[in-house]
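Undergrad: Dropping a structure here in C-alpha cells format, bear with me for questions.
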Amino acid sequence: MLTASGLSRSFRLPRRSVFGPAAVRHAVRDVSLALAPGERLGVVGESGSGKSTLLRLLLALDRPDAGEVEFRGRPVRPGGDLGWFRREVQMVPQDPYGSLNPRMRVGDSVREPLECLKVPGDHTAKVAELLASVGLDADAASRYPHQFSGGQRQRIAIARALGPEPAVLLADEPFSALDVVVRAQVLALVQDLVDRLGLALVLVSHDIGVVQQLCDRVLVLKDGVAVEAGATADVLRAPEHPYTRALLAAVPRLPEV
Ligand SMILES: Nc1ncnc2c1ncn2[C@@H]1O[C@H](COP(=O)(O)OP(=O)(O)O)[C@@H](O)[C@H]1O
Ligand SMILES: [Mg+2]
C-alpha cells in the first residue's frame, strides 16, 4: 500500500572553514520499504540515525534527493495536490505541546483536518465521536490545549489524526514526551485503536519495548542506512547485525514472552 524505493536525503552542513568543501550529512541512504494494509512497522535506531528524516519523506513533508514514495501505486511528491494522500495517511506528532495551536479550541483543532480535506458528514458530531474514541469528555471540545495534561494533549492529537479515517498512521516518537504511567495509557489506546480500526502503522521509536508491543515488523537504521529488517520477534530474538545487538543491549531487557 505504502512503498518507498531507494529513498535518499542529504543535508549540507555549515562550512567549518571558508576554504574547505561544505560537508554533507547523508541522513537517509537508499532506504526501501513496503507497508501492507494493517501492517505495523517499527523504525528504530539511535538518535541521528535518520528516523525522522525517513518519516518526513514518507509523509511528503520533505523531498528526497533520490527515490520515490508511492501510495496505492500513485506517486507521492511534495508540492503537488496531496489531499487524496493526506486523507489516507495521517501523522501523530512527537510533541503534544507544540502540535496543537494554543489559541484554537480543541474542538476546532480536531475539526480542522475534516474541513481542509473536505471529509463528508456532520463535523460537529464527528468531533464529539473522535474525542470520545480517545477517552475524552465531549466538553473537551470547547477548551484550550493549555487546560489539558501532556497525555490528554496526545489523545487530542490522535483524535485529530483519526478524523479523516486514514488507512495509515505515521508516528514519530509519539510517546517519548510522556511520563511512564501516561505513556502506558496512551500506548494502550493506540494499540486498541489500531487493532479496532485495522490501521497500518509506521512507528518511529528509540524505545524497543514500544516497538515490540505494537509492531509486526521492524526496520533498523544506522547512519541513514537500513541495516536490518524483519519480523519484530525474529529481529529481537536473534539480531543479525552487530548494531542491532548493540541497540538491544543498551535497553533494559524485557521479560521473555
Ligand atoms: N534540516 C536539516 N538540516 C541539516 N541536517 C539535518 C536536518 N534534518 C536532519 N539532519 C541531520 O540528519 C541526520 C538524521 O537526523 P534525524 O532524521 O532527525 O535522525 P533521528 O530522527 O533518527 O534522530 C542527523 O545527523 C541530523 O543532524
Ligand atoms: Mg527524530
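Undergrad: Give me the 1.4 Å probe accessible area per residue for region 1-111, excluding ligands and nucleic acids, in Å². Walk me through the intermediate numbers first.
TA: Numbers: 5910 Å² over 111 residues.
With the other protein chains kept in place, region 1-111 gives 53 Å² per residue.
Undergrad: Still on this structure: Per residue, how much accessible area does region 178-257 show when a 1.4 Å probe rolls over the protein heavy atoms, in square angstrom? Each step should come with its number before you reach the end.
TA: Values: 4130 Å² over 80 residues.
With the other protein chains kept in place, region 178-257 gives 52 Å² per residue.
Undergrad: When DSSP assigns beta bridges and you keep just the ones with both residues in region 103-249, what percent turn out antiparallel, to the nearest 5? Intermediate results must be reported in sequence, preceding the final value.
TA: On the way: 6 of 11 bridges.
Roughly 55 percent of the beta bridges in region 103-249 run antiparallel, per DSSP.
Undergrad: Beyond 16 Å, how much of the Cα-Cα pair distribution for region 69-170 remains, as a whole percent?
TA: On the way: 2851 of 5151 pairs.
Tail of P(r) above 16 Å: 55 percent of Cα pairs.
Undergrad: Which value, in Å to one decimal place, does the Kirkwood hydrodynamic radius take for region 9-80 when every pair of different Cα atoms is included? Write out the running numbers ahead of the final one.
TA: Working: mean 1/r = 0.0709 Å⁻¹.
One over the average 1/r among Cα pairs gives 14.1 Å for region 9-80.
Undergrad: Continuing with the same structure: Taking only Cα atoms, what is the 0 to 90° angle, nearest 10, from helix 180-197's long axis to the longest principal axis of the chain?
TA: 80
Undergrad: Could you work out which residue, out of Val76, Val194, Val180, moves most in a Gaussian network model of the chain, that is, has the largest mean-square fluctuation with Cα springs under 10 Å?
TA: Val180
Undergrad: Of the candidates Ala229, Ala238, Ala36, which one comes out as most mobile in a Gaussian network treatment of the chain with C-alpha springs shorter than 10 Å?
TA: Looking only at Ala229, Ala238, Ala36, the biggest GNM fluctuation is shown by Ala238.
Undergrad: Given 5 Å bins starting at zero, what is the percent of C-alpha pairs of region 16-145 in each, up to the one with the largest pair distance?
TA: 2, 8, 14, 16, 16, 15, 13, 8, 4, 2, 1, 1, 0
Undergrad: Carbon and sulfur together cover what percent of the accessible area of the chain at a 1.4 Å probe radius?
TA: Values: 6610 of 12780 Å².
C and S atoms contribute 52 percent here.
Undergrad: Further question: May I have the extent of the alpha carbons of the chain along their three principal axes, as whole Å values ordered from largest to smallest?
TA: Extents along the principal axes: 55, 47, 39 Å.
Undergrad: Given all pairs of different Cα atoms, what value in angstroms does the Kirkwood hydrodynamic radius of region 128-199 take? Each step should come with its number before you reach the end.
TA: Numbers: mean 1/r = 0.0794 Å⁻¹.
About 12.6 Å, per the Kirkwood formula over Cα pairs.
Undergrad: Right, next: In the Gaussian network model of the chain, springs joining C-alpha atoms below 10 Å, which of Arg160, Arg12, Arg111 carries the largest mean-square fluctuation?
TA: Arg12
Undergrad: Would you list the P(r) distribution for region 198-240, with all Cα-Cα distances sorted into 10 Å bins from 0 and each bin expressed as a whole %?
TA: So the P(r) values, bin by bin, are 27, 59, 13, 0.
Undergrad: Same structure again: What is the Å³ per residue value for the convex hull set by the Cα atoms of region 110-257? If you can, show how the numbers build up before the last one.
TA: Values: hull volume 20.2 nm³, N = 148.
Expressed per residue, the convex hull around the Cα atoms of region 110-257 is 136 Å³.
Undergrad: Charges only on Cβ, +1 for Lys and Arg, -1 for Asp and Glu: so what's the dipole of region 172-233 about the Cα centre, in debye to the nearest 20? Write down the numbers at each step before the final one.
TA: Working: 4 positive and 9 negative charges, 21 e Å.
The calculated dipole for region 172-233 is roughly 100 debye.
Undergrad: Continuing with this model, one more query. What residues of region 206-243 lie in the reach of a label at Val180, counting those whose backbone N is under 19 Å from a point 7 Å from the Cα along Cα→Cβ?
TA: So the set is 206-213.
The values are calculated or read from the model by the stated rules, or taken from the named source; none is laboratory data. Please read all numbers here as calculations on a predicted model, not as lab measurements. When we count neighbours, we look across all protein chains shown, and the Cβ atoms used for this are built from the backbone with ideal geometry, even at glycine. Ligands, DNA and RNA are stripped out before the accessible areas are found, and what is left, the full protein with its side chains, is counted by its heavy atoms. Shrake-Rupley method; radii C 1.70, N 1.55, O 1.52, S 1.80 Å.
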